[in-house]
């Protein structure tokens, strides 16, 4: 039997031109055309005329390198440099230039605001090409690990305990050094002890600075490696994370806006993300849809009333999962009488308003003790009864209860149920692609500005990959050249 065997010593040659290294329908040409279509003046990097003997790399080629590298899971500046040496598509993209990893890292750090603007221009190109409508937006968040250890997350209690231990350790080291000072003035053991005292002192000063920041910022915790990240629980455990908010268009599932926020949950993010997505699209959407994690009434009030907000309350979300069945005496069975400012229970008994100064968000209503005790439905709620409180049945009424009721009724409409069912398949797809296909479960940069630049690149990579699927490589190249 004969075999095919390669021969490293056999003489061969690459094409005469770097242009021939990749075929005409190679995906790398899409990334090249995409970056060429960007307005770098608007991004904040005016392109200077070419001059001989220039020392700075061409900004467009650096952006092409970053976006293309991220699209194939190559994010490290050292790996990008290596790819420029060995990967033909990278060699073609950079025109044979090989920037070192320091240059790549410096460009990414220096032009973080520019890189955030790449996604904005990508979206506006898609709007121009009729690939994004912006009429129906889906919003969701997902946690990405920060480039920081959870062990470096400090609370006031942890700082105080650590300072006490360090002070005790320093006292012991000082006592030890004093005891041998006279005998071993110039011995290495004493030098090492003094070095250890210096290390502990520097650590103590660092912790004191963290404690001062915690007290000044009124924060519960602070990570000394990346102060902008937060401690949060995810499926993989508790880590230092950023919560990445994605706003996705309904037409083709393309990302309109992304932002990494220093918040462990999605609460109070709906109006902010809607506003920023509207600014990118330059027109307001007709529908905005999110899950119950965004159901903050105070936040939803800030959204333009002309926008149809499709969002379930926590109770409705639990009902959808079969976790909150309607019972006879749930709050929903009580009717609010606005004229008399009272609630009426299913048995016709009235709950009058009581004062509770400590709570400014809710109003409270209670049935009289005598009325409840005489009611046949008084007893353990687990047995289907109304209440077992000897003070009488009490319910709360949110100051924006009318808005809350309207949102629940709006969510229950059949047309809005269809919108909500569409939400998961549109908004979960980008996170799956970024985390699984691109391997970007964790950010490489620190600080919210740099992390947002990285998040914008990843969102742009998803959009380009999605566009190639929808339009095709050659079709997309033609559209970008004519944009």
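The values are calculated or read from the model by the stated rules, or taken from the named source; none is laboratory data. Remember, predicted model here, so these are calculated numbers, not experimental data. Heads up, the Cβs are rebuilt from the backbone with ideal geometry, glycines too, and the neighbour counts pull from every protein chain shown.
Mind counting the residues in region 359-383 that are out of contact with any helix residue (DSSP H, G or I) (no Cβ under 9 Å at 6 or more places or on another chain), closer than 25 Å to residue 405 by Cβ and loosely packed, with under 12 Cβ neighbours inside 10 Å?
Here the count works out to 2.
Residue by residue through region 103-130, note down the ones that are over 22 Å from the mean Cα position of the chain (by Cα) and outside any helix (DSSP H, G or I).
Scanning region 103-130 gives 129, 130.
Do we have any residue at all in region 396-410 that's in contact with a helix residue (DSSP H, G or I) (Cβ under 7 Å, 6 or more places away or on another chain) and over 30 Å from residue 309 (Cα atoms)?
no
Mind listing just one residue for me: the one in region 329-346 that is more than 42 Å from the chain's Cα centre (by Cα) and surrounded by 14 or more Cβ atoms within 10 Å (Cβ to Cβ) and, of those, farthest from residue 389 (Cα to Cα)?
Here the answer is 342.
Quick one: would you say residue 418 is farther than 21 Å from residue 244 by Cα, touching a strand residue (DSSP E or B) at 6+ places or on another chain (Cβ under 7 Å) and without any contact (Cβ under 8 Å) to a residue 60 or more places away in the chain?
Against the criterion (farther than 21 Å from residue 244 by Cα, touching a strand residue (DSSP E or B) at 6+ places or on another chain (Cβ under 7 Å) and without any contact (Cβ under 8 Å) to a residue 60 or more places away in the chain), residue 418 does not qualify.
Looking only at strands (runs of 3 or more DSSP E) that lie completely in region 221-335, which have at least 3 residues being touching a helix residue (DSSP H, G or I) at 6+ places or on another chain (Cβ under 8 Å)?
In region 221-335, 237-249, 255-261, 287-289, 308-310 are the strands (runs of 3 or more DSSP E) which contain 3 or more residues that are touching a helix residue (DSSP H, G or I) at 6+ places or on another chain (Cβ under 8 Å).
Out of everything in region 336-357 that is assigned to a loop (DSSP other than H, G, I, E, B) and touching a strand residue (DSSP E or B) at 6+ places or on another chain (Cβ under 7 Å), what residue ends up being nearest to residue 421 (Cα to Cα)?
Filtering first and then ranking leaves 345.
Kindly indicate whether residue 360 is part of a loop (DSSP other than H, G, I, E, B), under 25 Å from residue 314 (Cβ atoms) and touching a strand residue (DSSP E or B) at 6+ places or on another chain (Cβ under 7 Å).
Judged against the criteria, residue 360 is not a match.
List, please: which pairs have Cβ atoms under 8 Å, are six or more places apart or on different chains, and start with a residue in region 33-55 that is modelled with pLDDT of 75 or more and end with one that is part of a loop (DSSP other than H, G, I, E, B) and buried (at least 18 other Cβ atoms within 10 Å of the Cβ)?
Note: pairs meeting the criteria are 44/111; 45/111.
List the number of the failed condition for residue 446; all other conditions in (1) touching a residue at least 60 places away in the same chain (Cβ under 8 Å); (2) more than 15 Å from residue 244 (Cβ to Cβ); (3) assigned to a helix (DSSP H, G or I) hold.
Failed condition: (3).
If I go through region 440-482 residue by residue, how many of them are under 25 Å from the mean Cα position of the chain (by Cα) and farther than 18 Å from residue 255 by Cβ?
Number of matching residues: 8.
Could you list all residues from region 241-263 that are touching a residue at least 40 places away in the same chain (Cβ under 8 Å), farther than 18 Å from residue 427 by Cα and surrounded by fewer than 24 Cβ atoms within 10 Å (Cβ to Cβ)?
The answer is 262, and nothing else.
I need a count of the residues in region 386-438 that are more than 30 Å from residue 347 (Cα to Cα) and in a helix (DSSP H, G or I).
Counting residues in region 386-438 that are more than 30 Å from residue 347 (Cα to Cα) and in a helix (DSSP H, G or I) gives 24.
Of the conditions (1) in contact with a helix residue (DSSP H, G or I) (Cβ under 9 Å, 6 or more places away or on another chain); (2) within 30 Å of residue 34 (Cα to Cα); (3) modelled with pLDDT of 90 or more, residue 417 fails just one. Which one is it?
(2)
Any idea which of (1) touching a helix residue (DSSP H, G or I) at 6+ places or on another chain (Cβ under 8 Å); (2) within 19 Å of residue 362 (Cα to Cα); (3) in the same structural domain as residue 359 (by TED's automatic domain parsing) is the one residue 388 doesn't satisfy?
Single failed check for residue 388: (2).
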